[in-house]
Amino acid sequence: MLPTLSQLQAWDTEHLIDAAHYWSRTADLWEDVFLQMRNQSHTIVWEGAGGEALRARTGGDLVIVTAKADQLRQAAVIA
């Protein structure tokens with residue numbers, strides 16, 4: 001049986017607010033840490049194929065991390 005409108009309006013939503021704050025902080029942390037890693041990959045004196053692969057990989061993965069962080073922020077907005 002579905003709850004009534006008044007029952008829905010009476011629900012405690014504190015857990016959603018807490019989750020939204022947690023998800024937003026987590027998204028920020030993911031991006032901050034990954035940006036540090038990507039930036040460090042550009043400052044390491046590592047020449048040749050290995051260094052180039054590291055920089056290409058961290059640059060490409062930044063797009064993925066940013067997309068996942070954005071999804072987490074969208075979930076936080078919905079919550």
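Remarks
- For beta carbons closer than 6 Å, sequence separation of 6+ or different chains, a first residue in segment 59-70 that is modelled with pLDDT of 95 or more and a second that is open to solvent by 70 Å² or more (accessible area, probe 1.4 Å), the qualifying pairs are Val65/Trp30; Ala69/Trp30.
This table checks each residue for (1) open to solvent by less than 50 Å² (accessible area, probe 1.4 Å); (2) more than 21 Å from the chain's Cα centre (by Cα).
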site: Thr4; (1), (2): no, yes
site: Trp11; (1), (2): no, yes
site: Ser24; (1), (2): yes, no
site: Gln36; (1), (2): no, no
site: Glu47; (1), (2): no, yes
site: Ala53; (1), (2): no, yes
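The values are calculated or read from the model by the stated rules, or taken from the named source; none is laboratory data. Everything quoted here is computed from the prediction, not taken from an experiment. Neighbour counts are summed over all protein chains in view; Cβ atoms, including those assigned to glycine, are modelled from backbone coordinates with ideal geometry. The protein model used for the area step is the full one, side chains on, heavy atoms only, and it has no ligands, DNA or RNA in it. Shrake-Rupley method; radii C 1.70, N 1.55, O 1.52, S 1.80 Å.
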